[in-house]
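Trainee: Quick one: this structure, given as structure tokens, is what I'll be asking you about.
The values are calculated or read from the model by the stated rules, or taken from the named source; none is laboratory data. Not measured: the values here are computed from a predicted model. Neighbour counts are summed over all protein chains in view; Cβ atoms, including those assigned to glycine, are modelled from backbone coordinates with ideal geometry.
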Ligand SMILES: CC(C)(COP(=O)(O)OP(=O)(O)OC[C@H]1O[C@@H](n2cnc3c(N)ncnc32)[C@H](O)[C@@H]1OP(=O)(O)O)[C@@H](O)C(=O)NCCC(=O)NCCS
């Protein structure tokens, strides 16, 4: 929102950019990926095998880790309770048992402890959205809607800031000084 908004584009475009940044599987799209992962694991007894693959670097445990929270995501504690409250009304999501087993094993494993990887809010939010009957593709939309008010507050604060500057990430080119052009037909 701030990066794109800093060029004085309109708030709709900056919101669209923020939504695009949010939906990636490493960020707000993670809840969708958590569900796909749980479905792919299939049953509780397959969890140790999956954890082995994560530790071998073959795949990531989606819904774990955070760029900023390097301990238990405080929101994860709250959303876990919310999940229980939702399941009391909707009936338990059958994927929950796999998620709980994943969390139990991961929290005991040195791989996750030494890297400070704990469940984040996405680990449970997907299970809640699914129990509510929301289609998986729409999860990031659900995530984005409440954030919009915060994004717009950020935008307004930035626009009224006397010291506002356009965001220009600095890049230092470390590549070759000179590269000769090779015509297409001569390339391998
Ligand atoms: C959120 C995330 C991008 C933060 O990444 P980060 O703080 O930049 O951490 P890094 O990518 O530098 O990872 C640090 C180490 O932990 C490992 N790691 C990080 N997240 C991991 C995960 N979810 N599963 C397995 N390993 C993970 C990395 O492989 C790396 O290991 P290495 O040091 O042996 O190479 C990352 O934790 C992730 O991809 N999580 C899964 C997606 C997710 O749930 N996103 C929602 C966030 S709210």
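Trainee: If you go through region 7-36 one residue at a time, how many are within 16 Å of the ligand (Cβ to nearest atom) and outside any helix (DSSP H, G or I)?
Mentor: Summing the residues that are within 16 Å of the ligand (Cβ to nearest atom) and outside any helix (DSSP H, G or I) in region 7-36 gives 7.
Trainee: Name the single residue that is nearest to the ligand (Cβ to nearest atom) among those in region 37-47 being part of a helix (DSSP H, G or I) and surrounded by fewer than 13 Cβ atoms within 10 Å (Cβ to Cβ).
Mentor: Within region 37-47, the match that is nearest to the ligand (Cβ to nearest atom) is 40.
Trainee: Identify all residues within region 67-84 that are in contact (Cβ under 8 Å) with a residue 24 or more places away in the chain and within 12 Å of the ligand (Cβ to nearest atom); write none if there are none. Spell out how you get there, then give the answer.
Mentor: Of all residues in region 67-84, those in contact (Cβ under 8 Å) with a residue 24 or more places away in the chain come to 69-73, 75-76, 79-80, 82-83.
Hits for region 67-84 are 69, 70, 73, 75, 76, 79.
Trainee: Can you work out which of the residues in region 5-32 that are buried (at least 16 other Cβ atoms within 10 Å of the Cβ) and free of Cβ contacts under 8 Å to residues at least 60 places away in the same chain is nearest to residue 63 (Cα to Cα)?
Mentor: 25
Trainee: Picking from 50, 87, 64, which residue would you name as being modelled with pLDDT under 95, more than 9 Å from the ligand (Cβ to nearest atom) and surrounded by 13 or more Cβ atoms within 10 Å (Cβ to Cβ)?
Mentor: Numbers: 50 fails: modelled with pLDDT under 95; 64 fails: more than 9 Å from the ligand (Cβ to nearest atom).
Of 50, 87, 64, the one residue that is modelled with pLDDT under 95, more than 9 Å from the ligand (Cβ to nearest atom) and surrounded by 13 or more Cβ atoms within 10 Å (Cβ to Cβ) is 87.
Trainee: Going through region 88-131 one residue at a time, which ones are within 16 Å of residue 47 (Cα to Cα), in contact (Cβ under 8 Å) with a residue 24 or more places away in the chain and not in a helix (DSSP H, G or I)?
Mentor: The answer is 95, 109, 119.
Trainee: Still on this structure: What are the pairs with Cβ atoms under 9 angstrom where one residue, in region 46-60, is in contact (Cβ under 8 Å) with a residue 24 or more places away in the chain and at negative phi and the other, located anywhere, is near the ligand (Cβ under 10 Å from one of its atoms) and not in a helix (DSSP H, G or I)? Sequence gap at least six, or different chains.
Mentor: Listed by first residue and then by second, the contacts come to 50/59; 50/61; 51/61; 54/60; 54/61; 54/64.
Trainee: Looking at (1) within 14 Å of residue 125 (Cβ to Cβ); (2) out of contact with any helix residue (DSSP H, G or I) (no Cβ under 9 Å at 6 or more places or on another chain), which one does residue 31 not meet, given that it meets all the others?
Mentor: Failed condition: (2).
Trainee: Given (1) part of a helix (DSSP H, G or I); (2) more than 15 Å from the ligand (Cβ to nearest atom); (3) within 24 Å of residue 146 (Cα to Cα); (4) without any contact (Cβ under 8 Å) to a residue 24 or more places away in the chain, identify the lone condition not met by residue 134.
Mentor: Every condition holds for residue 134 apart from (1).
Trainee: Within region 53-77, restricting attention to residues that are assigned to a helix (DSSP H, G or I) and in contact with a helix residue (DSSP H, G or I) (Cβ under 8 Å, 6 or more places away or on another chain), which residue is nearest to residue 29 (Cα to Cα)? Reasoning before the result, please.
Mentor: Quick first cut of region 53-77, residues assigned to a helix (DSSP H, G or I) only: 53-55, 74-77.
In the following step, the residues that additionally are in contact with a helix residue (DSSP H, G or I) (Cβ under 8 Å, 6 or more places away or on another chain) were identified as 54-55, 76.
Numbers: 54: 19, 55: 22, 76: 16 Å.
The qualifying residue nearest to residue 29 (Cα to Cα) is 76.
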